[in-house]
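Down below is the structure, laid out as structure tokens.
The values are calculated or read from the model by the stated rules, or taken from the named source; none is laboratory data. The model shown is predicted, which means the values in this text are computed figures rather than measured ones. All Cβ positions, glycine included, derive from the backbone under ideal geometry; neighbour counts span all protein chains shown. For the accessible areas, the whole protein counts, side chains as well, though only heavy atoms, and no ligand, DNA or RNA atoms are used. Shrake-Rupley method; radii C 1.70, N 1.55, O 1.52, S 1.80 Å.
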Amino acid sequence: MKIGRIVSQTGPRWVAYQDGDVYALDDPLAGQAAERIGSVANYPLIAPCRPGKVIGAAINYLGSTDRYDGISEPVVFLKAATSIVGPGDPVISPYAQDTRVWGEAELTAVIGRRLSNATTEEVADAILGWTIGNDVTATNVDGRDHHLARSKSADTFCPLGPYIDTEFTPENRRISGYLNDRLVTTGLTGDFYWGPFRLIAEVSHWFTLEPFDVVLTGHPPLVGDLPVMTDGDVYRAHIDGFELDLVNPFHGTRGTRKSTEKGEVTDALA
């Protein structure tokens, strides 16, 4: 099943997505799709879940240029839950115009059951499904922000979607990122240092994972130089096996954005 969300008159609503249409879905963890609501053209998909925690994996690919010898456990970081936006939502930098910002296409796991001190087998059973993530990142403040809070957690810095695929298998899938349709990053899931199940198991020994928490599994190697975004650029994240890509424009200057959660228009800082 492909699980998503749309905006209804009463707020976000769970749906099942299939072949361009959305269907009513009462319980994303156990429910069955019901009647057809309509075309996704009329009911666009928003961020497929609202996680309590967003965990990211750093330098988790063969070919990562900043990986160093002697790493004995996964290197992870947290992104604020308020960084989540959905397909089509603009990424808006709150920083000065000379602050470099770029996208990172990543395979993303969505947790379906509480996990603590889990084995890899327990992780495999507890994953609700997989989605596409964009780990938007900005340059560190004066090179000092070792824990990446400023660089990773700004509002709109974690697009997710378009849906959660409960039947997706993560083995040997190609992940690619495009800036204005130019390939800027690509890699295979088989080239992870820490495979998704082991990565999540390790994380669960450090802190508990709850349903709808998401884990970004790592950014594949760059193709050429760092793909810094400028105002008006579009970043597209593609993973083989997903029918739809995750596409988001970049707004580098002051503007407005539409909240896909409430349907309100709010000011956005540049």
(request) With a 1.4 Å probe and every protein chain kept in, tell me what percent of the accessible surface of the chain is carbon plus sulfur. (result) 47 percent
(message) Please check: in the Gaussian network model of the chain (C-alpha springs, under 10 Å), which one of HIS251, HIS219, HIS205 has the largest mean-square fluctuation.
(response) HIS205
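Just the accessible area per residue of the range 103-251, please: how many Å² with a 1.4 Å probe? Don't jump to the answer; show the numbers that get you there.
Values: 5870 Å² over 149 residues.
Normalised by residue count, the accessible surface of the range 103-251 is 39 Å².
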(request) When you have a sec, figure out the Kirkwood radius of the range 10-116 from all distinct Cα pair distances and drop it here in Å to one decimal? (result) 17.5 Å
(request) Per residue of the range 162-167, in order, report the coupling 6.51 cos²θ - 1.76 cosθ + 1.60 (Karplus, θ = phi - 60°) as ³J(HN,Hα) in whole Hz, putting x for Gly and Pro. (result) x, 8, 9, 9, 6, 9
(message) If N is the number of residues in the range 192-243, what value comes out of its Cα radius of gyration divided by 2.2 N^0.38 Å?
(response) 1.55
(request) Give the Rg (one decimal place) followed by the Dmax (whole number) of the range 38-194, computed from C-alpha coordinates and expressed in Å. (result) 16.3, 53
(message) Suppose accessible area is computed on protein heavy atoms with a 1.4 Å probe; arrange TRP206, TRP14 from highest to lowest.
(response) TRP206, TRP14
(request) Could you go through the range 77-84 in sequence order and give the Karplus-derived ³J(HN,Hα) for each residue, using 6.51 cos²θ - 1.76 cosθ + 1.60 with θ = phi - 60°, rounded to whole Hz, and x for Gly and Pro? (result) 8, 10, 10, 5, 4, 6, 7, 6
(request) With springs connecting C-alpha atoms under 10 Å apart, model the chain as a Gaussian network and identify which of ALA138, ALA237, ALA96 has the largest mean-square fluctuation. (result) ALA96
(request) Per residue of the range 52-58, in order, report the coupling 6.51 cos²θ - 1.76 cosθ + 1.60 (Karplus, θ = phi - 60°) as ³J(HN,Hα) in whole Hz, putting x for Gly and Pro. (result) x, 9, 10, 10, x, 9, 9
(request) Return an integer: the convex hull volume of the alpha-carbon atoms of the range 124-254, in Å³ per residue. (result) 136 Å³
(request) Would you please put 98-104, 5-11 in order of how densely packed they are, using the mean number of other Cβ atoms within 10 angstrom per residue and starting with the highest? (result) 98-104, 5-11
(request) Find the centroid of the Cα atoms in the range 174-224 and in the range 16-58, then give the distance between the two in whole Å. (result) 21 Å
(message) Please report the net charge: other residues with Cβ closer than 14 Å to the Cβ of THR186, K and R +1, D and E -1.
(response) -2
(request) Can you figure out the FRET efficiency of LEU188 with SER8, using R₀ = 45 Å and their beta-carbon distance, to the nearest 0.05? (result) 0.70
(request) Take the Cα radius of gyration of the chain and divide it by 2.2 N^0.38 Å, with N its residue count; two decimals is plenty. (result) 0.96
(request) With runs of 4+ DSSP H residues as the only contributors, calculate the mean residue ellipticity of the chain at 222 nm using -39,500 (n - 2.57) per run, divided by the residue total and rounded to the nearest 500. (result) -2000 deg cm²/dmol
